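Structure first, then comments.
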Amino acid sequence: MRVAQIGSGTPEIAVVAGIHGDEPCGVRAVERLLDERPTVERPVKLIVANEEALKRRVRFVDEDLNRAFPGDPNAETHESRLAHELVGELEGCLTFSMHSTQSHAEPFAIVNGVSETATEIVPQLPVTALVETSNFAEGRLFSSIETIEVECGMQGSETAAQNADRLTRAFLTAVGALPGDTVCRELPIYRLTNVIRKQDADTYEVFVENFTEVESGDPFAAADGNEQVAEEPFYPVLMSPNGYRDVFGYAAEKVDVLSSPPTAD
Ligand SMILES: [Zn+2]
């Protein structure tokens, strides 16, 4: 794990990249901040988390780090020990953590619950949606540390790296670390309701678009040609044929629209 800081004092804000070793976009954003060392109005902690997995260009070494929190210093797995160390570093910091996907090109934010902080910060980020994980947060960073996760785009793409950079700067501006103004957006909120499992098969297909409603009775995915049909309408989130080992993704409901409250100057 690489830990650095810009600005002096004890940071209450952190930017984390490389939770997954095959998602390099965030690492580039962090490295750029370290190269440029912008003048900050609040100190910021910068972390590249799973260096070992990044070196090997794999999602993880022993287990998924974003399912391993809070971790254990005496665990057998690299990621469980790393999760424990990372929680120690991030204690007391509002954390911004960058990911990328195999399912959706447009950036979106993921939070454990729509807290006051999320309501204030997320509409100021260049994202198109807010996803609330509610019951599906177990083992993820935001179950241990107050965290706003962002999906920056398609894994390994140049666009995801550029988005990571823009998202990080917008986050640091929204929390008052970088000077300037942000643009506020109205964002749809989706709440995850179900995990969509996939059977063991040789080929997987997904027939639907993420964040676009699937009607009851519509086929939405297939494993070796066996179609899965929606029993009730849902919004697919993080759905892709080969993104995860045993799930296609998640079903969500659209719950609300979030817009940042007007700030009093
Ligand atoms: Zn990730």
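What follows is calculated from the coordinates using simple rules that are stated; it is not laboratory data. Note that the coordinates shown come from a computational prediction; the quantities given were computed from them, not determined experimentally. Cβ sites come from the backbone with ideal geometry, for glycine too, and all protein chains shown count toward neighbours.
Remark: Met1, Met154 ranked as Met1, Met154, counting other beta-carbon atoms within 10 Å and listing the fewest first. Relative contact order for the range 83-136: 36 percent, from Cα pairs under 8 Å spaced at least 6 residues apart, divided by residue count. Peptides 45-51, 172-178, 211-217, 8-14 ranked from most to least packed give 45-51, 172-178, 8-14, 211-217, packing being the mean of other C-beta atoms within 10 angstrom over each peptide's residues. Entry note, the chain: relative contact order of 18 percent, from Cα contacts under 8 Å with a spacing of 6+ residues. A straight Cα-to-Cα reach below 19 Å connects Lys45 with the aspartates and glutamates Glu12, Glu31, Asp35, Glu36, Glu85, Glu89, Glu91, Glu146, Glu149, Asp165, residues fewer than 8 places away in its own chain not being considered.
Using the Cβ-Cβ distance between Val183 and Asp62 with R0 = 45 Å, the FRET efficiency computed as 1/(1 + (r/R0)^6) comes to roughly 0.65. Note on the chain: helix-only mean residue ellipticity at 222 nm, from DSSP H runs of 4+ residues weighted -39500 (n - 2.57) and normalised by residue number, equals -6000 deg cm²/dmol. Over the range 187-258, the pair-distance histogram of Cα-Cα distances with 10 Å bins from zero comes to 22, 54, 21, 4, 0 percent, rounded to whole numbers. Listed by chain and number, the lysines placed with their C-alpha closer than 30 angstrom to that of Lys198 are Lys55, Lys254; residues fewer than eight positions away on the same chain are left out.
Hydrodynamic analysis of the chain uses the Kirkwood radius over alpha carbon pairs. Inserted into Stokes-Einstein at 20 °C and 1.002 mPa s, it gives a translational diffusion coefficient of 113 µm²/s.
When each of the peptides 35-42, 135-142 is scored by how many other beta carbons lie within 10 Å of its residues on average, the order from highest to lowest is 135-142, 35-42.
Based on Cβ point charges of +1 for Lys and Arg and -1 for Asp and Glu, what charge dipole magnitude is obtained for the chain about its Cα centre, in debye rounded to the nearest 20?
I would put it at about 840 debye.
Distance from the C-alpha centroid of the range 166-237 to that of the range 83-117: 16 Å, rounded to the whole angstrom. Projected onto the charge dipole of the range 88-235 (+1 at Lys/Arg Cβ, -1 at Asp/Glu Cβ, origin at the Cα centre), which of Tyr235, Val131, Phe142 gives the Cα projection farthest towards the positive end? Positive-end residue among those listed: Phe142. Dipole size of the range 187-258 about its Cα centre, with +1 on Lys/Arg Cβ and -1 on Asp/Glu Cβ: approximately 340 debye, rounded to the nearest 20. Considering only Thr119, Ala221, Leu54, the residue lying farthest towards the positive end of the dipole of the chain is Leu54, judged by Cα position with unit charges set on Cβ.
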